[in-house]
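*Asks:* My structure is below; once you've seen it, I'll send some questions.
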Amino acid sequence: MNTTLTKSAHTLVSKRGSWFVLGGIVILVTLLFGLLSGPGEDRANESAPADSESTQAAQLLQKFPDADKQSVMVVASHEDGSTLSSDEQAELGKLGGTLGDYIDSTQNGDSSQNGESSDAADSAAGDDASQASRPIMSEDGKAALLMVPIEVGLTNSDTAETVDGLRDFIADDSQAGALEDSGMSLLVTGGPAIGADIASAFGGADFTLLIVTIVIVALLLIITYRSPILWLLPLIVIGTADGLASTVTGAIGDALDLQFDTGIISVLVFGAGANYALLFISRYREELGRESDHRLALGSAWTHTASTILASNLTVVLSLLSLVFAVIPGTRGLGIAAAVGLLIAAAAVLFALPPVLAICGKGVFWPFVPKVQDATDETAATDETAADEASAATPAAKPSIWRTIATRVVKKPGIHLDAGIVILGVMATGLIGTSVGLDQSEKFRVQSESAQGLDVLSEHFPPGESQPIWIVADSSHADQVADSVADIDGVVRANVIDETTTEGSSISKVMVTGEYEPDSPAGLDLITDIRSDVHAIDGANAQVGGAAATELDVRDGNAQDFLTIAPMILAISFIILLGILRAPLVAGTLLVVNVASSAAAIGLGAFLSRAMFGQAVLDAQVPILAFLFLVALGIDYSIFLSHRAKKESVVHGARQGMIEAISHTGGVITSAGIVLAGVFAALGMLPLMVLGQLGLIVGVGVLVDTILVRTVIVPAIISLVGNKMWWPNKAITHSKYKYSGADAAAAGDADIRDDQPANSAHSSQASSMQTDEAQADGASTEGTRLLVESDRDEATTSAGHGRH
């Protein structure tokens, strides 16, 4: 594998190879854009599991005449809460007729295109107008409803055009204007309007999210690299990858009929791509401190980071692919699309970024171009023996805040571990009092017109009026079903309103109005009671659907997904960690700590959601997605750190190896965490509460993971156990190293390190074991650096850069 990596690196960074590879990638990307770009297909909006009762009821409801017609409601009320006068009621009646005529004129053409006859369209339009012309007054006389049937589209975006047109018409209509001038509000709400508001909320939002994400990544890369040039290269590569991912996932979505949010895909591609680029360029900068030829340094950096990036990417991709077992359509679609997007992001960083850097040269680091003598100064600053230098995995990192922190943690691991556990515990208390499941009015971060209308409606009408419960049953038992349901506590009325024949059977539609808000606990309990009641009627074959029933099935589906997917994510993460580290104790510890960190992050995110959004309830989809991203991305950083710690521990022992690993990776892991947290925070730009909560929780969790877990908790645990933590790796478990002299002195505790003769005697054994370990892992150490044996002259080789 080492030979394969070496040859691949040489192809990517050599003078001819870099141009050849980059040209091939440009051609391939251009072809994919040309072949897969297109307008895309409209896909139905499905939120509940395909086999749920609400979905089956919805499919049966589509078999009734005018199934594509649903009513939106115009809620009229005075802002001061006064009673509507008889004159105002009469004016509302006229407005209802006007709205019916408007819908007739705008949608008549659509009916003809759908194959309906003109007479049928006119008849339906006339019915619409008559229904819209009669205002329904509340019992207190302070509000009125105008029911306006409209044709709903296949998607919420299609329906949004009709709803937005209706609102614009009301805003421009003179009758409506006169009513509003008198202090009356006219709010368009109801099921179709809610779906339309969700779709309209995303109008231009994805573009805004993309721009904000690019700005965040650009600023953080500039701060990290401190170069006016370097940040552009990874940003261009990742931006191209995001565009390609959008095109490819769109084509896959059309082919497989998948539902997913494109904004989350962009966030993941930019976040993960920036993380991979940071890791790779950080190692490239490190190699430039030891090698003047930038192509050799670049090839060595690629060889040492490629396996880590691939393992990291594989962890997240496989975790995302576990979502194919989800029952919620949006979750399943997101898993497949996001997995494809991350594969493209990794491929861009591994195969497009190296040729770009090779062609541009090391001048892109200007004004802080690394120089070879920097490494000499670093080595001279250490107090290692010549034998130790010959066997070291890498020259010691410069004295830095990360080395200081790591040394102090390793010196007193118990205290730091206890402090870390207490912090995570305090964060997890945010879960207390947090429930799952937002109602319709809470789903918007900024309240929409439909949500405002629902609030007014619930004040003056039975809350269930806005979103009735629908029951489809055999016609022979329809009256029995309606009578039985009408006797259930919480039901205002139940009526059989339509009948049709399908596949030789006659079915009827029963409309049920409840007295509770559809998404409230009482409203969802009412659905359960109704289902229990109608299922007990032999021969009725009743199916209960509607918005409240769908919400109940969605919540149950998300809970089922969490119980199914979470163990799969943990198993995938453990297997990959075990495969990379070959140390079950370390792999298990990292996984347990990661789960604890994820729970703490969700708790802190829930607390911040209450503080920032005034929302104590999490959306039903947030727990599963937050857990997925926190665990999978957390394992990412575990791989970055532990892979380096393993190599360092072969030579230095577990404790000093962890110090070296944190010293070399602390900066890049923290930078990567800040970039990823910033990118996820950009989700707060979107208007839906679910995305705001998800971005907040994952952003906070990533910061906690990089700053607290990787820097304090994990090093403390490994330091407490020592070399035995890496069992069965004999190269580490048999090591006698604890502390280097320099770090022991810095910690003020030179007594805990082995004496110098023991260290010197052990150096040859460590060197031998390191070679065996490198071969077992399939990755080269610094002593067998890529291309150096053949391309570096003898003088450089003898300068003590760690060659065996």
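*Asks:* Restricting attention to region 247-271, which residues are within 15 Å of the chain's Cα centre (by Cα) and either on the phi > 0 side of the Ramachandran plot or of a type outside the set (A, V, I, L, M, F, W, C) (or both)?
*Replies:* Here is the first cut: in region 247-271, the residues within 15 Å of the chain's Cα centre (by Cα) are 259-271.
Of everything in region 247-271, those that are within 15 Å of the chain's Cα centre (by Cα) and either on the phi > 0 side of the Ramachandran plot or of a type outside the set (A, V, I, L, M, F, W, C) (or both) turn out to be Gln259, Asp261, Thr262, Gly263, Ser266, Gly271.
For every residue, the table says whether it meets (1) hydrophobic (A, V, I, L, M, F, W, C); (2) part of a helix (DSSP H, G or I).
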position: Val215; (1), (2): yes, yes
position: Ile222; (1), (2): yes, yes
position: Pro234; (1), (2): no, yes
position: Thr247; (1), (2): no, yes
position: Ala274; (1), (2): yes, yes
position: Arg285; (1), (2): no, yes
position: Arg290; (1), (2): no, no
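*Asks:* Being among the charged types (D, E, K, R), surrounded by fewer than 18 Cβ atoms within 10 Å (Cβ to Cβ) and over 30 Å from Leu686 (Cα atoms) is the requirement here; does Asp455 meet it?
*Replies:* Numbers: among the charged types (D, E, K, R): yes; surrounded by fewer than 18 Cβ atoms within 10 Å (Cβ to Cβ): yes; over 30 Å from Leu686 (Cα atoms): no.
It is false that Asp455 is among the charged types (D, E, K, R), surrounded by fewer than 18 Cβ atoms within 10 Å (Cβ to Cβ) and over 30 Å from Leu686 (Cα atoms).
*Asks:* Follow-up. Which of the residues that make up region 501-517 are assigned to a strand (DSSP E or B) and buried (at least 17 other Cβ atoms within 10 Å of the Cβ)?
*Replies:* Ile507, Ser508, Lys509, Val510, Val512, Thr513, Gly514
*Asks:* I've got another one for you. When you scan region 396-446, how many residues do you find that are among the small types (Gly, Ala, Ser) and crowded, with 18+ Cβ neighbours inside 10 Å?
*Replies:* Looking only at that region, the number is 8.
*Asks:* Within region 461-476, restricting attention to residues that are at pLDDT 90 or above and assigned to a helix (DSSP H, G or I), which residue is nearest to the chain's Cα centre (by Cα)?
*Replies:* Only one residue fits best here, namely Ser475.
*Asks:* Could you figure out which of (1) surrounded by 22 or more Cβ atoms within 10 Å (Cβ to Cβ); (2) closer than 16 Å to Leu210 by Cβ isn't true of Gly243?
*Replies:* Exception for Gly243: condition (1).
This table checks each residue for (1) crowded, with 22+ Cβ neighbours inside 10 Å; (2) at pLDDT 85 or above; (3) over 35 Å from the mean Cα position of the chain (by Cα).
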position: Gln131; (1), (2), (3): no, no, yes
position: Ser157; (1), (2), (3): no, no, no
position: Ser185; (1), (2), (3): no, yes, yes
position: Ala199; (1), (2), (3): no, no, no
position: Leu210; (1), (2), (3): no, no, no
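Quick grid of which residues meet (1) over 30 Å from Gly330 (Cβ atoms); (2) at pLDDT 85 or above:
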site: Ile674; (1), (2): no, yes
site: Phe680; (1), (2): no, yes
site: Leu683; (1), (2): no, no
site: Gln693; (1), (2): no, yes
site: Leu708; (1), (2): yes, yes
site: Pro728; (1), (2): yes, yes
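*Asks:* May I pose another question? Report whether or not Val595 is within 30 Å of Ala654 (Cα to Cα), surrounded by fewer than 22 Cβ atoms within 10 Å (Cβ to Cβ), at pLDDT 90 or above and outside the structural domain of Ala339 (by TED's automatic domain parsing). It would help to see each step written out before you state the result.
*Replies:* Working: within 30 Å of Ala654 (Cα to Cα): yes; surrounded by fewer than 22 Cβ atoms within 10 Å (Cβ to Cβ): yes; at pLDDT 90 or above: yes; outside the structural domain of Ala339 (by TED's automatic domain parsing): yes.
Answer is yes for this residue.
*Asks:* If a residue has to be surrounded by 18 or more Cβ atoms within 10 Å (Cβ to Cβ) and more than 15 Å from Pro728 (Cα to Cα) to count, how many in region 575-588 make the cut?
*Replies:* Taking region 575-588 as the starting set, the residues that turn out to be surrounded by 18 or more Cβ atoms within 10 Å (Cβ to Cβ) are 576-577, 580-581, 583, 586-587.
Now narrow it down to the ones that are more than 15 Å from Pro728 (Cα to Cα): 576.
Total satisfying the criteria: 1.
*Asks:* Looking at region 427-439, which of its residues are within 22 Å of the chain's Cα centre (by Cα) and assigned to a helix (DSSP H, G or I)? Don't jump to the end; show me each part of the working.
*Replies:* Pass one, region 427-439, residues within 22 Å of the chain's Cα centre (by Cα): 427-428, 430-431, 434-439.
Matches in region 427-439: Met427, Ala428, Gly430, Leu431.
*Asks:* Check off (1) without any contact (Cβ under 8 Å) to a residue 40 or more places away in the chain; (2) under 30 Å from Ala661 (Cβ atoms) for Gly239 and give me the number that stays unchecked.
*Replies:* (2)
*Asks:* For residues that are over 43 Å from the mean Cα position of the chain (by Cα) and loosely packed, with under 14 Cβ neighbours inside 10 Å, scanning just region 480-494, find the one that is farthest from Pro518 (Cα to Cα).
*Replies:* Asp483
*Asks:* Please go through region 435-457 and give me each residue that is among the polar types (S, T, N, Q) and modelled with pLDDT under 85, ordered by number.
*Replies:* Answer for region 435-457, where residues must be among the polar types (S, T, N, Q) and modelled with pLDDT under 85: Gln440, Ser441, Gln447, Ser448.
*Asks:* Considering only residues that are β-branched (Val, Ile, Thr) and surrounded by 23 or more Cβ atoms within 10 Å (Cβ to Cβ), look in region 518-533 and name the one that is nearest to Gly191 (Cα to Cα). So that I can check it myself, show each step before the final result.
*Replies:* Taking region 518-533 as the starting set, the residues that turn out to be β-branched (Val, Ile, Thr) are 527-528, 530.
With surrounded by 23 or more Cβ atoms within 10 Å (Cβ to Cβ) added as a condition, the list becomes 527, 530.
Details: Ile527: 17, Ile530: 21 Å.
If we take residues in region 518-533 being β-branched (Val, Ile, Thr) and surrounded by 23 or more Cβ atoms within 10 Å (Cβ to Cβ), then Ile527 is nearest to Gly191 (Cα to Cα).
*Asks:* Check Ala600 against each of (1) under 30 Å from Lys724 (Cα atoms); (2) surrounded by fewer than 22 Cβ atoms within 10 Å (Cβ to Cβ); (3) among the small types (Gly, Ala, Ser) and name the one condition it does not meet.
*Replies:* Single failed check for Ala600: (2).
*Asks:* Taking Val700 as meeting all but one of (1) within 19 Å of Gly430 (Cβ to Cβ); (2) modelled with pLDDT under 90, write down the number of the exception.
*Replies:* (2)
*Asks:* Test each condition in (1) among the aliphatic types (A, V, I, L, M); (2) surrounded by 21 or more Cβ atoms within 10 Å (Cβ to Cβ); (3) modelled with pLDDT of 85 or more for Ala375 and report the one that comes out false.
*Replies:* Against the list (1) among the aliphatic types (A, V, I, L, M); (2) surrounded by 21 or more Cβ atoms within 10 Å (Cβ to Cβ); (3) modelled with pLDDT of 85 or more, Ala375 comes up short only on (3).
*Asks:* In region 79-100, which residues are buried (at least 17 other Cβ atoms within 10 Å of the Cβ), touching a residue at least 60 places away in the same chain (Cβ under 8 Å) and within 18 Å of Arg167 (Cα to Cα)?
*Replies:* Within region 79-100, Glu91, Leu92, Leu95, Thr98, Leu99 qualify.
The values are calculated or read from the model by the stated rules, or taken from the named source; none is laboratory data. Everything numeric in this text was worked out from a predicted model, so none of it was measured. Cβ atoms come from the backbone with ideal geometry, glycine included; neighbour counts cover every protein chain shown.
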